[in-house]
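Peer 1: I'd like to ask you about the structure that follows.
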Amino acid sequence: MNLSMKLLENSRFEALSSQLCVETGDSNILGRIESYSCKMAGDDKHMFKQFCLEGEPHVLEALSPPQSSSAPSPNLLGKSSEDGENPLSDKCCRKTLFYLITTLNESFRPDYDFSAARAHEFSREPSLNWVVNTVNSSLFSAVGEEFNSLGPELWNAIDQEISLQGCDIYSYNPDLDSDPFGEEGSLWSFNYFFYNKKLKRIVFFTCRSVSVLSGYGRCCLDNELDMELDDEEEMDNFTEDRFPRALCV
């Protein structure tokens, strides 16, 4: 499934993603927030038809229950369910599954290919509050007091982009063999999709913690630092061009 969903530019997400890449002493936190359009172009429609050869686009696929056994199923929170359906599981149509897999492919390409991902590797989250609390707890434990100011800004930016109250929220919880975050030294990770069907848009929020002993993620942090230094150099050059230094006689 080699296609591209359109990545939507969002300067606030870019700034937040930079703030979510930090070294905490014993681990590297690598976070990223991106927005994608679900409006399919010609090539996307062709790939979608191929994807649906395995099943009709509106056929429901069984998802796994939320990761925590204490998390209630969305069905138990008033969402519609069919008679005879396992109350601890949920379902989504193949079209939605196509969007989730394609988002993963676009966000992680060319390093990973998720074309073989299956519905049981995804879950539908029970509520927005559940996801917010899970994310906040993970990041506060990792970053500490700094997250107190970052957290509200983060959720406000996501809400402005996707209108959270109108979203279905999914997570990707892969098998160990296909987990892109399964490298040695990986401590924890989460991958959330905020899907607003009316807006035809997905906000993807991915984050992981990697032990500094593994050395993994150091290059990502170095790249962030290089970008910041480049920005500072550009500003210095801009200032010198506008306000040339006086020549000593």
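Peer 1: Of everything in segment 129-155, what is open to solvent by less than 40 Å² (accessible area, probe 1.4 Å) and touching a helix residue (DSSP H, G or I) at 6+ places or on another chain (Cβ under 8 Å)? Give them in sequence order.
Peer 2: Within segment 129-155, Val132, Leu139, Phe147, Leu150, Gly151, Leu154, Trp155 qualify.
Peer 1: Any residue at all in segment 157-174 that's open to solvent by 10 Å² or more (accessible area, probe 1.4 Å), in contact with a Gly (Cβ under 6 Å, 6 or more places away or on another chain) and closer than 20 Å to Ser17 by Cβ?
Peer 2: Looking for residues that are open to solvent by 10 Å² or more (accessible area, probe 1.4 Å), in contact with a Gly (Cβ under 6 Å, 6 or more places away or on another chain) and closer than 20 Å to Ser17 by Cβ, one finds none in segment 157-174, hence no.
Peer 1: Quick check on segment 175-209: of everything there that is at pLDDT below 90 and open to solvent by less than 30 Å² (accessible area, probe 1.4 Å), which residue is farthest from the chain's Cα centre (by Cα)?
Peer 2: Gly185
The values are calculated or read from the model by the stated rules, or taken from the named source; none is laboratory data. For clarity, every value in this text was computed on a predicted model and none was experimentally measured. Cβ coordinates were reconstructed from backbone atoms using ideal geometry, including for glycine residues, and neighbour counts include every protein chain displayed. Just the protein is used for accessible areas: all its heavy atoms, side chains included, with ligands, DNA and RNA removed. Shrake-Rupley method; radii C 1.70, N 1.55, O 1.52, S 1.80 Å.
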